[in-house]
Amino acid sequence: MVRFISPEPNLNKPTGYARADLATTTEGGAPSYEGGAAIGAPLIDDVLAFRVSVSFRRDGGWVDRVGYTLSPNNTDALPTPVYNGNTTLANANFSETTTARLAVKWKVSDTLEISPSIYYQRLQINDTSAYWIALSNPASGVYRNGNAGTNPSSDPFSLSAVKIKWDLGFASLFSNTSFYDRNQRATSDYTQYLRATWNSFGTLANVFPSAGDNGYATFQDDQRNFYQEFRLASSDTMPASSGTPACFSRI
């Protein structure tokens, strides 16, 4: 498990942040790039503030979707695919990730803070990174996929949360409430698998489908998760030499 802690809104001053990255994929792949920005400011000094951030990332592909023909069959070998010069989509296995987050901090009193937030992310994969050895030449940086259909995946999710901090004097009481909502959809190409399975039972079969054949399956993953955490942390600080940590309990 990875714990990701986002910057909180600042109640006293405006804040801002921006970044950009650029990368290249060797051996004929497409470029990759990423950019993001965040801005925050108090709406009421020392009482109410917000912070909003957005980002976009594109990972360049390096596998081409291509057309092919099957070489004539003979007594020595099964038909094999041969690239016919038609590239359906170059660098087809690219992906894109979009994120956005809005957070608010409300200092209700000197002892109570309430911080609601919502985070959204969408990962879109255009096609598989698997390539056909018969159509490719890895030594020359040539990677080709002969599937008639793409293998896309769309994976959006949102995370809504409310954090409450209550200073009790002798300790601080924390409440973290969140709701996770995910709706993934994907398609997988099974054309070669189906041909190998059904073309010839128990005998050597031609696993390469005829050009244009397309057999696929769809998948989905829907998640609705609710989380609630209560945590009580002592305000006392124990001397470092005692070796005894401050009192900590989780409910």
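What follows draws every value from the coordinates through simple rules; no lab data is involved. Values in this document were obtained by computation on a predicted structure and should not be read as measured data. Virtual Cβ from ideal backbone geometry, glycine too; neighbours counted across all protein chains shown.
Just a few scattered comments:
- The modelled label-to-label distance for the pair residue 219/residue 13, using points 7 Å beyond Cα in the direction of Cβ, is 4.9 nm.
- Computed FRET value (nearest 0.05) for residue 175 with residue 90, which takes r as the C-beta separation and R₀ as 51 Å: 0.50
- Modelled label positions at residue 82 and residue 228, each set 7 Å beyond Cα in the direction of Cβ, lie 6.9 nm from each other.
- Between residue 37 and residue 188, the contour length at 0.36 nm per residue exceeds the alpha carbon distance by 50.9 nm.
- Neighbourhood net charge (11 Å Cβ-Cβ; Lys/Arg +1, Asp/Glu -1) for residue 145: -1
- Extension gain from residue 5 to residue 48, taking 0.36 nm per residue of separation minus the Cα-Cα distance: 13.5 nm
- Under the Karplus curve 6.51 cos²θ - 1.76 cosθ + 1.60, θ = phi - 60°, whole-Hz ³J(HN,Hα) for the range 52-62, x wherever Gly or Pro sits: 10, 9, 9, 8, 9, 9, 10, 9, x, x, 8
- In Hz, Karplus ³J(HN,Hα) per residue of the range 140-155 (6.51, -1.76, 1.60; θ = phi - 60°; x = Gly, Pro): 9, x, 10, 10, 10, 10, x, 4, 6, x, 7, 10, x, 9, 10, 9
- Cα convex hull of the range 1-72 - mean projected area over all directions, nm²: 9.2 nm²
- What the Cβ-Cβ distance of residue 120 and residue 22 gives, at R0 = 30 Å and to the nearest 0.05, is a FRET efficiency of 0.75.
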